[in-house]
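Here the structure is laid out as C-alpha cells; the discussion comes afterwards.
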Amino acid sequence: MKTFKRLISMVVTVAMVFSLVLPNVSAQLPADSETITIFHTNDMHGAIATTDENAEKKVKGAIGLDLVAGIHADTPNSLLLDAGDFSQGNFNVSHDNGATAVKLMKIAGYDAAALGNHEFDYTLQDMYNNIALAADGSDGQNAFNVLAANVKGLDPALQPYTIKVMDSGLKVGIFGLLSPETAVTANPTKLQGITFEDVAATANATAEKLRTDEHCDVVICLSHCGYDDVSSKTIFSNNIAEAATKPSQKIDVIIDGHAHQVMLGDGSKRAGTYNTLIASTGTKLEYVGKVELTIDNSGNVNTTSTALSYADIKGHSDAATKAAIDKVTEQLAPVLNEVVGKAKSNLWGGNVGPNSVSIARRTETNMGSLVADARRWQALAHFKDDAQNNTKPIVVLQGGGGVRSSIPAGDITMSQVLTVLPFGGSDAYVGVTPKLFYEVVEAGLSAMTGQDANTGALSADGSVHGRFPQASGFRYTYDVNGTASDVGNKVMGTRLKDIYLVNDDGTEKLLDRNDDSTEMILVCSDYEIGGGDGYYMLGDTNKIGEDNGSDVALVNYIKYLMTQPGNTDGISYPLDSGRIKIVNSNYHGTSFNATVKVSQDGVVLSGREFEVYSDGVLVDTVTADENSVLTVALKNGPQEVSVKSVDSGVGSGVVYMDNIAGLLYQEISADFLSINVLNIEETINNLPTEINSDEDIENVFTILEAINNLSSAEYKSLNSDVVNKLNNTIEKIAIYNHSCGNVVVSGDLPWYVKVTATPMDGSEDAAAGLVKGIPSGKTLADIYEIKLYDMLNRADYTVEGSVDITLVSDGIQNKLKNIQVAHLKVDGTVEFLDAVVEGDQVSTSTSSFSVFGIVGEKVETSGNVNKPNDSANTGDDFAMATVVTFTALAGVAFVALRKKKEN
C-alpha cells in the first residue's frame, strides 16, 4: 500500500482559494497513484453455490459465492459490491424470505448493495428485516448497507449512500438507485406511500453531496436500472451518467443491474461527459465483474473492466463462505432433491440460449402452458363442489416473467420446480367478465414493441415484458403492430383481436369483447390484483377464493399427470399448442436463417460437416465455417435443434430455437470426436509451415504413431483438411530429407529416408579408392560420400531397384567434357555411370550408395581458369525445380504405420 501525503505544502492563502474552487478535493489524494479493485455482482437471484457439473462452462449459476468472497479477500485494496436482486430467485434463499442470501453476503464480505425490485417480492417487513440484518455488525460479523437514494417513503428509510475509507485514507462514496418502474414491476399494494424519484436528478444531487460535503475522491453508483441507449425513456444507467454536467456530479463507475445484461471487458459501456464506465455481470453469477480504478495525485481517475469466469477464480474459494453454503444446501437437500415426476419432453421457459432470450415473455412456450394448465387444474378442483361457481369458465393469467427457467427431459425435482417458480405466494380467484378479460390480455400485450420483417423476431420492452400472458383455458390472436395500451395512463390499446374459450375436449367459443355480464373466473395473483405488471383494471375485481401458489399447483399437477394413461415414462408437452397467434404480421418468410455454433471443450470445429435436425427430422448437411458456425434454414416457430457429426456419427443433445421469440442463435457443445482425434488434429494444425530440422520430422513421427493407435472409427473421423495438411507436411519432409547440400536423390524413395552427403577433397580414406580408380586423362571433381538413413526404423536404408541422384557443380560444363559419374562400389572397384548433364546439374541412376564423384576430360581454355576441383564441394545451398515423386504420400502418407487401418 502506498503512503499518501497530505497536500499541506501550499501557501495557506492558495489553499483557501482552491478550497473554494474545488470543494471536493480530498485530504488524502495519493502522492503518486493508487489502484482500487472493485469486484461486483448483480441479479444473483439466490445463485449461491457453484454448480460443479457446469462450472467449466460459461453458464449462469456456475460461480459460487465462496469464490466471489475468496477473490475479494485475496485482493488487497478491494471492494465487493452488488447492484440488487440478491434476496430472491430460488429456494436456497426464498425458503426464509431472503435472510439466507443476506447472511451469506455478510460472510462473503460485501461492502454495499443496491436495493433491487425483487427485494419487494416478500412482505415489506421481510425486506426491512433483511436490510437491518445486513447492517447489523453487533456480533462482530461483517456488515453492509443496502442503498437506495431515490426511494422515498420507506419506514425505516434506507440509507442513500455509504462511504468506504481505504487503508490509504482515500474516500470512496457509494450510492444506490432503483428503477422507477419498480412501481409497476413490484406489487403496488405493497408500495402505498412509497415513491421512486427521478434517477438522473437523484444521481446528480447524491454525487455532488458525496464529492462536496463528504470530500469523496471516488464516486460509485449501484444502479438497479439496466442499460438502454436507444429507448426514449430516461430511467437507465446511461441516462444517469449523461446527466452529470459538472465535475462535482461526476460518477466514476456505475455497477448496473436489473436487465441481466453482460457488460464486461470490451463489452462494458461508457457514457456521459465524464466517460463513466458502466458494467454489469448478467445474472445468477455467470460472471463476476472486476473494475480496476486508478486515481492519481491530481484526482484523475482511470477505469478498466474485466469479466471473471469460473475458470478465472476457481482457486480462490473462501472457506467460511463455502462452509456456510454447504450447510444451507445440506439442510435443504431432502426437500430440493425430491423427485415429483418425470418429463419425456424438454420443458422450455425463462432465459434461453447464450444471448439469454426471454422466450416466455414473447410467445407461447410449453413450460408456460404447463404452469398455466396446473393453475387452472387446481382452480377446477377448488370449485368442483361449488354450485355457484363450478359452471363458470375458468381462465388463467400466467405472466411470462413468472416462468423463470426450463426443465430438461428426465426426473423432475422440487428444486427444478422452485427454480421455475421461485416467488411463492398464493393463487387468487377473481370474478371477471369477457369485456374485462379482453382488457386484461390487451394490457399484457402492451410490452411488445414490434416484429422484425426479415427474421420474424418479436421485440419487447425488457423492463416490463414480464406481463406477457401465457394462456390456459383460452387462446388469443393479436396484431403486434396495433396500438399498445398505455397502462400508466389507463388507456387501452388495439392489439388484441380475438379470445376463444377452449374447453378440455378441444371445443372453442369466441368471447364477445363487449359482453360485460357473463361471469368468468380468472386465476391470477395478489400481485396482479394489486396492479402489478400494469394490470390496473384488476384492482376493483371481486376475489372469490384463494388457493396454493403456482409452485404447489405445478407439483400436484405433475403428480396427477403421472397417474394418467400413457404417462408412466413421463409427461410430454408440445412446444406449440396454438394458444397464441399473431395476425396481420409484416413478416412473411416461410423459414429463417439460424446460426448454430458447434464446439467441443472449446475447440473450434471449422471445416467439419454436420447434419442438422429440427424436431428429430434431418434438415440439411452443413459445413462449419472458420468460426465453427453452421448456418441453416429452419422452419418458423419453436423447435428443438440438434446436430450430428458426419465424420464420427456422434450426435448432440437438443437446443431450443424460435425465430418468433427472437432466438435465432444457439451454441451446441458435445463430444463429437474422441479426445485423441482432437489432440492429433490440434498437433497437426500446430506443425510449422516449413521443415527446418530433424526435430520437426520427429514431431510428425509422433503424430503418425498416435494415429496408428486410433480405432478404425476414430481414424475415419479425422478431418480431411487436417489430413491434407499432414500430407503437405510430409511432402515437405521428403524434399527436406532427399536434399543435402549439392546432392538431391529422387525417385522411388520413401519420404522418411534421409540423405546425407559429405563433401570430400580426395584425401580421406573413404574417397581414396575412388581417386585411385580414375584413369589418366580423366579429372575427378565434386566428391561426395552419400548415405541413406531410414528415420522411421532407425537404420541404414537399402534401395530396391534404382533411384536418381543429381550432383550440382557450378559451371561444370565449362570445366569438363564427356562427363560421367564415378561410383566406388562395395567391392572396391570403380564404375562409371552415364550421366545426363543439364546446366550445372549432373544426374545418373544407382542402386547402391557410397562415394560418388563427377569425372570427365578437362576443357582446354585460355586464360586463368580455376581447376575443376576448385569449385567443388562449396556446400552452398541450392534450389531445384526438380519434380520429385514420393511413395505413400496419399491418404495420410503412412507406410509402416497404416497396416492396422487397411482392414
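The values are calculated or read from the model by the stated rules, or taken from the named source; none is laboratory data. All of these numbers come straight from a predicted model, not from anything done at the bench. A quick note on method: Cβ atoms are made from the backbone with ideal geometry, for glycine too, and the neighbour counts reach across all protein chains shown.
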Based on what the data block shows, is residue 358 assigned by TED's automatic domain parsing to the domain that holds residue 72 and in contact (Cβ under 8 Å) with a residue 40 or more places away in the chain? no
Among 329, 391, 363, which is the only one that is of a type in the set (Val, Ile, Thr), modelled with pLDDT under 95 and part of a loop (DSSP other than H, G, I, E, B)? 391
Just for strands (runs of 3 or more DSSP E) wholly inside region 769-867: which have at least 3 residues that are in contact with a strand residue (DSSP E or B) (Cβ under 8 Å, 6 or more places away or on another chain)? 779-790, 803-808, 816-824, 830-834, 841-846, 851-858
Can you find even one residue in region 706-727 that is free of Cβ contacts under 8 Å to residues at least 40 places away in the same chain, polar (S, T, N, Q) and not in a helix (DSSP H, G or I)? yes
Region 128-147 - residue that is in contact with a helix residue (DSSP H, G or I) (Cβ under 9 Å, 6 or more places away or on another chain) and of a type in the set (Gly, Ala, Ser) and, of those, surrounded by the fewest Cβ atoms within 10 Å (Cβ to Cβ): 137
Reported set for region 698-750 where residues are over 21 Å from residue 650 (Cα atoms), of a type in the set (Gly, Ala, Ser), surrounded by fewer than 18 Cβ atoms within 10 Å (Cβ to Cβ) and out of contact with any helix residue (DSSP H, G or I) (no Cβ under 7 Å at 6 or more places or on another chain) is 747
Out of all the residues in region 253-271, is one or more crowded, with 24+ Cβ neighbours inside 10 Å and of a type in the set (D, E, K, R)? yes
Out of all the residues in region 321-348, which are among the small types (Gly, Ala, Ser) and either touching a His at 6+ places or on another chain (Cβ under 7 Å) or surrounded by 14 or more Cβ atoms within 10 Å (Cβ to Cβ) (or both)? 324, 341, 343, 345
Count - residues of region 400-421 that are modelled with pLDDT of 95 or more and either among the charged types (D, E, K, R) or part of a strand (DSSP E or B) (or both): 5
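Okay, residues lined up against (1) over 16 Å from residue 427 (Cβ atoms); (2) more than 36 Å from the chain's Cα centre (by Cα); (3) not in a strand (DSSP E or B):
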{"position": "500", "(1), (2), (3)": "yes, yes, no"}
{"position": "518", "(1), (2), (3)": "yes, yes, yes"}
{"position": "533", "(1), (2), (3)": "no, no, yes"}
{"position": "543", "(1), (2), (3)": "no, yes, no"}
{"position": "546", "(1), (2), (3)": "no, yes, no"}
{"position": "555", "(1), (2), (3)": "no, no, yes"}
{"position": "564", "(1), (2), (3)": "yes, yes, yes"}
Taking only region 621-666 into account, find how many residues are closer than 13 Å to residue 610 by Cβ, among the charged types (D, E, K, R), in contact (Cβ under 8 Å) with a residue 40 or more places away in the chain and assigned to a strand (DSSP E or B). 0
Can you report the number of residues in region 486-497 which are at pLDDT 95 or above and closer than 21 Å to residue 523 by Cβ? 1
Selection from region 80-117 of residues hydrophobic (A, V, I, L, M, F, W, C) and either under 21 Å from residue 36 (Cβ atoms) or surrounded by fewer than 24 Cβ atoms within 10 Å (Cβ to Cβ) (or both) yields 80, 81, 83, 91, 99, 105, 107, 108, 112, 113, 114
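Within region 144-201, how many residues turn out to be touching a residue at least 60 places away in the same chain (Cβ under 8 Å), in a strand (DSSP E or B) and farther than 23 Å from residue 301 by Cα?
Going residue by residue through region 144-201, those that are touching a residue at least 60 places away in the same chain (Cβ under 8 Å) are 147, 164, 166-172, 174, 176-179, 181-182, 184-191.
Retained after the next criterion (residues that are in a strand (DSSP E or B)): 147, 164, 171-172, 174, 176-178.
From the residues that got through so far, the ones that are farther than 23 Å from residue 301 by Cα too are 147, 178.
So the count comes out to 2.
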